Amino acid sequence: MAVLQFREAIREALDEEMERDENVFIMGEEVAEYNGAYKVSEGLLDKYGFKRVIDTPISELGFAGIGVGAAMKGLRPVVEFMTFNFAVLAADQILNHASKVRYMLGGQASVPIVFRGPNGSAGQLAATHSVAYDSMYAQFPGLSVIYPSEPDDAKGLLKSAIRNEDPVIFMESEQMYGLRGEVSEEEDYLIPIGKAKVKREGSDVTIVATGKMYHIAKQAADQLSKDGVEAEIIDPRTIKPFDIETVVKSVKKTNRCVIVDESHPFGGLASEVGFLIQREAFDYLDAPVQRVTLPDVCAPFSKPLFDLWLPDAKRVIEAVNTVAYR
Amino acid sequence: MANKKQETVFTPIGLSSDNTGKVEISVDLPEPTVKNHKDLGLSEEDVVVMFEQMYLQRRFEERAMQMYQKGKFGGFLHLYIGQEAISTGTVFALDDEDDIITAYRDHGWGLVRGISAKSGMAELYGKATGCSKGKGGSMHFVNTEQNFWGGHGIVGGHIPLGGGLAFANKYNGNNKISATFFGDGAVDQGVLHETLNMSQLWKLPAIYVVENNGYSMGTSVRRHTVGEIYERAKGYGMKHAVFNGMDAFTVYENMKKIADDVRETSEPWFVEIRTYRYRGHSMSDPQKYRTKDELEAYQKNDPIERIKKYILEEKILTNDEVDEIIQRVEQEVLDAVDFAEESPFPEPEALYEDMFAGTPFIHDKQ
């Protein structure tokens, strides 16, 4: 095991896949000469040159579309958005083209593309820079949505994403790029898309949390443990396809569940997983499933308001107490 | 100072402002080429194939319209009638290996790039034997084997895809080019700006072609966009051209020159081809935004009549030989209708097919 920063794990995945396959290239704002807005792509221009590491203008819709067209012709673009908050400008290309081209053309073209970049809030950046879009993309058939929480997951899943034959949304977080973690040194380390991981075992409650929310869940679980409540944390890692079997198996053991979701509450990951649990494990539940999400309001700038807005360990603990009738 | 109160106007007023009795022409057609087929390097056989191809597109759509009106199939049906010289002239000018992508007015493009009348008609009917297996319908004809990357339904949405095809050709160093076609309405979409900027900056081997047919759905060019469309290229320092699209020779001559230049220099072009859409935007269009006189004025320039007249005047074919082609095409289209009618609809399982090239995953499939 090597200890790497999250950004380094992503960089290793990019580097290894670019080394392996000439058709893999990266494009996005500031990815080349600036060495990446968050230094994810640092050094890749030097190694692979201007043909395969391409700076784009601030034209999310345009370069996302050029990526889709290039993928239709058999290339494997990795398109970086400086944040998925800016990818909203490219929504027509991601939702109407990348996800639909294959089906509406009767299978004659496919779109092996990865759209990657940070998701959700990065601190006090106000309303337009703070939204988590994983649940929204998961709404659309054909898109895989990955939102890993630790460097090891990031590396193995990004390599799989780049090799995937269909479009993948790969989400990171500005606030996790510096996070260190052990990363497998296995050669050609691939984690299959769509497999959850039990990251903490426990018998009292199941907490489902991915991406940045996993770390909040972990803080909460450490706290709860001091009070004698042992939480089992499941990190789905992939929002879609969603590994409901692993979650249901855990709920059948703990009989209680809290879902932590960085999106707004309406129709998100939490509501979907909550629905599936009630259907698949109704008789095993000792309490209604609870969720911790963003409130149904925009992100505020002011620090005290912002702290109220973003889910934290305290709210996770409160939700656990609710399902545990403590 | 006069204090006359005037009505506030945003969009320029269309027909309702016209009480002069003068026919408003939505697009001015530049003069067609004076060159004959030999000057252009086309054989007599080429000219005959051009005529047959254009006539097939015309009759295919006229029959499709008839079947649609009989209620044989549903969905949208955007007809290309009047614009056939553009698809035909272009396909003769490009190499077969070059990529073509277009918007939803795509039947003509599919037929010139190898979709049979049968599989085209079957697609309109939503049958399993259709070119897109009944998954796409009228707006999504496709034949990637012959480098036709589809009809696409979002106005302007496929413009960067065409840029991406060119990007891939440059990346692969294969000396192929891409040609992206869209209507005058798409000129108003922001993605055109982004794509043209990147194409010029990155020197993509791409041709972006506006088929200016006079109308963005029911809004005439003068009412939906400012200035001359081809002049937009100047803002990008991009090579550009404007020419007549009602004459296959003119389209061929210009597109050949442009394609050769793109192949040679890997620099993009922005091209406005002026044409005219005889039919409504789609089948539900009552066409109240234009006069009958205007339509008739353009129909006098009909590209198919024009090439037919040329063939007869140049004695390339006799009247009887032309009639033979007409009969043959007529039969081909009738056979296509029979084929579409008799073909099966997709099986229920097909609902879940063609989503994924890799491992399929269908969330919560019941």
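Size descriptor for segment B:92-178, Kirkwood hydrodynamic radius: 13.1 Å (Cα pairs only, one decimal). Each part gets one Cα centre, and for segment B:113-180 versus segment B:284-322 those centres are 27 Å apart.
Dipole magnitude for the protein assembly as shown: about 1620 debye, using +1 per Lys or Arg Cβ and -1 per Asp or Glu Cβ, origin at the Cα centre. Segment A:1-53 and segment A:161-192 have Cα centres lying 12 Å from one another. Projecting the Cα atoms of A:GLY65, A:PHE275, A:THR238 onto the charge dipole of the protein assembly as shown (Cβ charges, centred on the Cα centre) puts A:PHE275 farthest toward the positive pole. Pull out a ≥ b ≥ c, the square roots of the eigenvalues of the alpha-carbon gyration tensor of segment B:226-366, then state rounded if a/c is under 1.5, prolate if not and a/b is larger than b/c, and oblate in the remaining case. Oblate. On a per residue basis, chain A carries 37 Å² of accessible surface, using protein heavy atoms and a 1.4 Å probe. Ordered by solvent-accessible area of protein heavy atoms (1.4 Å probe), largest first, the residues B:LYS70, B:LYS5 come out as B:LYS5, B:LYS70. Each of A:CYS257, A:CYS298 has its accessible area taken with a 1.4 Å probe; listed largest first, they run A:CYS298, A:CYS257.
Its alpha carbons considered, segment A:2-183 gives a radius of gyration followed by a Dmax of 15.0, 45 Å. With the convex hull drawn around the C-alpha atoms of segment B:118-238, the volume per residue stands at 112 Å³.
A dipole drawn for the protein assembly as shown from +1 and -1 charges on Cβ atoms has a positive end, and of A:VAL101, B:ILE307, B:GLY280 the residue lying farthest that way is B:GLY280. In this label model, A:GLN139 and B:SER43 are separated by 5.6 nm, measuring between points 7 Å along each Cα→Cβ vector. Once both labels are positioned 7 Å from their Cα atoms along Cα-to-Cβ, the gap between B:LEU201 and A:LEU125 label points is 2.0 nm.
Cross-link pairs exceeding 21 Å between alpha carbons, from the set A:LYS100/A:LYS212; A:LYS195/A:LYS240; A:LYS47/B:LYS203; B:LYS72/B:LYS365: A:LYS100/A:LYS212; A:LYS47/B:LYS203; B:LYS72/B:LYS365. Counting only Cβ charges, +1 for Lys and Arg and -1 for Asp and Glu, the dipole size of segment A:197-323 around its Cα centre is about 240 debye. Here the spin labels are modelled as points 7 Å beyond Cα on the Cα-Cβ line, and at A:ASP55 and A:GLU165 they lie 3.8 nm apart.
Buried area at the B:A interface is about 3900 square angstrom, summed over both chains, from accessible surfaces computed with a 1.4 angstrom probe.
Take the convex hull of the alpha carbons in the protein assembly as shown; its mean projected area over all directions comes to 37.3 nm².
Here chain B was treated as a single set of alpha-carbon atoms; its pair distances binned every 10 Å from 0 give 5, 23, 32, 25, 11, 3, 1, 0 percent. Taking 0.36 nm per residue of separation and subtracting the Cα-Cα distance, full extension of the segment from B:ASP260 to B:ASN172 would add 29.8 nm.
Residue by residue along A:181-191, Cβ atoms of other protein chains within 10 Å of the local Cβ number 0 on average. Compared with the direct C-alpha span, the chain from A:VAL88 to A:VAL297 gains 73.4 nm at full extension, assuming 0.36 nm per residue.
About the centre of its Cα atoms, segment A:78-158 shows a dipole size close to 280 debye [charges on the beta carbon of Lys, Arg (+1) and Asp, Glu (-1) only; nearest 20 debye].
If you average the C-alpha positions of segment B:222-251 and of segment B:25-69 separately, how far apart do those two centres end up, in angstrom? For segment B:222-251 versus segment B:25-69, the Cα centre distance is 20 Å. Let me see the P(r) profile for segment B:1-145: every Cα-Cα distance counted, bins of 5 Å, each bin given as a percent of all pairs. Going from the shortest bin to the longest, the percentages are 2, 8, 14, 16, 14, 11, 10, 9, 7, 4, 2, 2, 2, 1, 0. Relative to the compact-globule estimate of 2.2 N^0.38 Å, the Cα radius of gyration of chain A comes out at 0.98. Students often get this wrong: which residues of segment B:289-307 have the backbone nitrogen under 19 Å from the point 7 angstrom along Cα-to-C-beta of B:ILE326? Under 19 Å, as judged by backbone N against the label point of B:ILE326, lie B:299-307 of segment B:289-307. Per-atom-type breakdown for the protein assembly as shown gives carbon and sulfur 50% of the accessible area (1.4 Å probe, protein chains only). Largest first and in whole Å, the equivalent-ellipsoid semi-axes of segment A:197-323 read 22, 17, 13, each the square root of five times a Cα gyration tensor eigenvalue.
The values are calculated or read from the model by the stated rules, or taken from the named source; none is laboratory data. This one's a predicted model, so the numbers in the text were calculated from it and none came from an experiment. Glycine also receives a Cβ, built like all others from the backbone with ideal geometry; neighbour counts cover every protein chain displayed. Just the protein is used for accessible areas: all its heavy atoms, side chains included, with ligands, DNA and RNA removed. Shrake-Rupley method; radii C 1.70, N 1.55, O 1.52, S 1.80 Å.
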